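These notes are about the structure you will find just below.
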Amino acid sequence: GAGVSQSPSNKVTEKGKDVELRCDPISGHTALYWYRQRLGQGLEFLIYFQGNSAPDKSGLPSDRFSAERTGESVSTLTIQRTQQEDSAVYLCASSLAPRTGAEGYTFGSGTRLTVV
Amino acid sequence: QKEVEQNSGPLSVPEGAIASLNCTYSDRVSQSFFWYRQYSGKSPELIMSIYSNGDKEDGRFTAQLNKASQYVSLLIRDSQPSDSATYLCAVRGLTGGGNKLTFGTGTQLKVEL
């Protein structure tokens, strides 16, 4: 697609429920990243995919968080048993495969998750 | 020490002035550096990247990199009210396959009429 597409744009869920967030990267972008941004805070790295493997998942905050990616396309981020501290904007970004180090990310518009 | 540090601001400049945004980073082997602009309620958008010491100019924007001092800056000439946003500095290091960007918490810029 023309840009990085994320769905849903907004999600309100009850504490303890599971949620699934979806990211569709730019066509041809083999690298995909998930970040979290709490209100008024910076971007917190969660996980990086190269193709469908995840060489860096060091930012996943707990075992309630998991992510997968199908080939070089859609990725889903799943949060199980949501807690109020999970409330944030979840941002997905994609980029060309890292070769020179100069490849910047393109971000999607994010999913705003509110846990009540 | 944070990996990427920025003054949170707000930095207020009058319309038409030069805005200077600064960033320091801790990982000496960091390879490339990026500036993103984030409007309130929106996602970050890439403004510039730089990976060689010196200056890189693109329109009203100039990025400056000094690897010896572990310092990167962004200058915005002829600042406009539409430049009012949070500016995020990001650094690419060598951990995790060398592709992860680590972001600073951003500097809020306000351009006043």
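The values are calculated or read from the model by the stated rules, or taken from the named source; none is laboratory data. None of the values given here were measured: they were computed from a predicted structure. Reconstructed Cβ throughout: ideal geometry from the backbone, glycine too, with neighbour counts over all protein chains shown. Remember, those area values only see protein heavy atoms, side chains included, never the ligands or the DNA or RNA. Shrake-Rupley method; radii C 1.70, N 1.55, O 1.52, S 1.80 Å.
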Open item on the list: For the range B:44-60, give me each residue that is of a type outside the set (D, E) and either in a strand (DSSP E or B) or in contact with an Asp or Glu (Cβ under 6 Å, 6 or more places away or on another chain) (or both).
Closed with: B:L46, B:I47, B:M48, B:S49, B:I50, B:G54, B:K56, B:R60
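Table: residues versus (1) farther than 22 Å from B:E45 by Cα; (2) surrounded by 17 or more Cβ atoms within 10 Å (Cβ to Cβ); (3) within 12 Å of chain B (Cβ to nearest Cβ); (4) within 12 Å of the chain's Cα centre (by Cα).
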residue: A:K17; (1), (2), (3), (4): yes, no, no, no
residue: A:D24; (1), (2), (3), (4): no, yes, no, yes
residue: A:D56; (1), (2), (3), (4): yes, yes, yes, no
residue: A:Q84; (1), (2), (3), (4): yes, no, no, no
Task: Pairs, first free of Cβ contacts under 8 Å to residues at least 40 places away in the same chain in the range B:26-48, second open to solvent by 20 Å² or more (accessible area, probe 1.4 Å) and hydroxyl-bearing (S, T, Y), C-beta under 8 Å, six or more apart - done: B:K42/A:S109; B:S43/A:S109; B:L46/A:T106
Task: Residue identified as in a loop (DSSP other than H, G, I, E, B), modelled with pLDDT of 95 or more and farther than 24 Å from A:A54 by Cα among B:A63, B:A17, B:A68 - done: B:A17
Task: Residue that is farthest from the other protein chains (Cβ to nearest Cβ) [pool: residues in the range A:32-54 that are crowded, with 16+ Cβ neighbours inside 10 Å and more than 27 Å from B:T86 (Cβ to Cβ)] - done: A:A54
TODO: For A:L96, indicate whether it is within 14 Å of chain B (Cβ to nearest Cβ) and either closer than 30 Å to B:Y51 by Cβ or out of contact with any Pro (no Cβ under 6 Å at 6 or more places or on another chain) (or both).
DONE: yes
- [ ] Keeping to the range B:54-113, report how many residues are open to solvent by 20 Å² or more (accessible area, probe 1.4 Å), touching a Lys or Arg at 6+ places or on another chain (Cβ under 6 Å) and in contact (Cβ under 8 Å) with a residue 24 or more places away in the chain.
- [x] 3
Task: Selection status of A:S75, more than 11 Å from chain B (Cβ to nearest Cβ), within 30 Å of B:N53 (Cβ to Cβ), under 13 Å from the mean Cα position of the chain (by Cα) and surrounded by 17 or more Cβ atoms within 10 Å (Cβ to Cβ) - done: no
Task: Among the candidates B:S30, B:S49, B:S26, B:S43, residue that is small (G, A, S) and surrounded by fewer than 16 Cβ atoms within 10 Å (Cβ to Cβ) - done: B:S26
Task: Positions within the range A:58-72 being more than 13 Å from the chain's Cα centre (by Cα) and among the hydroxyl-bearing types (S, T, Y), in sequence order - done: A:S58, A:S62, A:T70
Open item on the list: Just to be sure before I move on: is B:Q6 closer than 26 Å to A:S94 by Cα, open to solvent by 60 Å² or more (accessible area, probe 1.4 Å) and not acidic (D, E) in the structure I sent?
Closed with: no
TODO: Scan the range A:91-116 for residues that are open to solvent by 50 Å² or more (accessible area, probe 1.4 Å) and in contact (Cβ under 8 Å) with a residue 40 or more places away in the chain and report the count.
DONE: 6
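Residue by residue, here is whether (1) more than 10 Å from every other protein chain (Cβ to nearest Cβ); (2) among the small types (G, A, S) holds:
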residue	(1), (2)
B:D27	yes, no
B:F34	no, no
B:M48	no, no
B:D58	yes, no
B:F61	yes, no
B:D78	yes, no
B:A85	yes, yes
B:V91	yes, no
